[in-house]
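Shown next, in structure tokens, is the structure this report addresses.
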């Protein structure tokens, strides 16, 4: 078989040369259905190698992208917390409303009990 070289476009926009024969790291990362945690470790190791191979400015771009992603996650977390606060406020309002109804019903129940006792006592006279 002829020797050849394959250039692959990476996610970061750079080119990466692939060897003709697969080495052990490439074989384990290519075999994705073996063990998910093992695959994650291989992906992390490959990204570490790619991170170390990049220039300083590309590394800063990677770090900047991570920071932007973290800020987006923090913004989403804040929005979700605000939604939870809104739901909590609504539940507290409904709880107070039901509590007032319960108090009214309890008082009405006590009045009916007193009226029934009065009627029974009048019947015994």
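Okay, here's what the table says:
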{"quantity": "Of the criteria (1) part of a helix (DSSP H, G or I); (2) over 22 Å from residue 6 (Cα atoms); (3) modelled with pLDDT under 75, which one residue 34 fails", "calculated": "(1)"}
{"quantity": "Any hit, the range 71-82, residues being part of a helix (DSSP H, G or I), free of Cβ contacts under 8 Å to residues at least 40 places away in the same chain and more than 26 Å from the chain's Cα centre (by Cα)", "calculated": "no"}
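Residue-wise test of (1) under 30 Å from residue 14 (Cβ atoms); (2) modelled with pLDDT under 95.
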site: 52; (1), (2): yes, yes
site: 60; (1), (2): yes, yes
site: 65; (1), (2): yes, yes
site: 80; (1), (2): no, no
site: 87; (1), (2): no, no
site: 95; (1), (2): no, no
site: 98; (1), (2): no, no
site: 123; (1), (2): no, yes
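The values are calculated or read from the model by the stated rules, or taken from the named source; none is laboratory data. Everything quoted here is computed from the prediction, not taken from an experiment. Glycine gets a Cβ as well: all are built from the backbone with ideal geometry, and neighbour counts include every protein chain shown.
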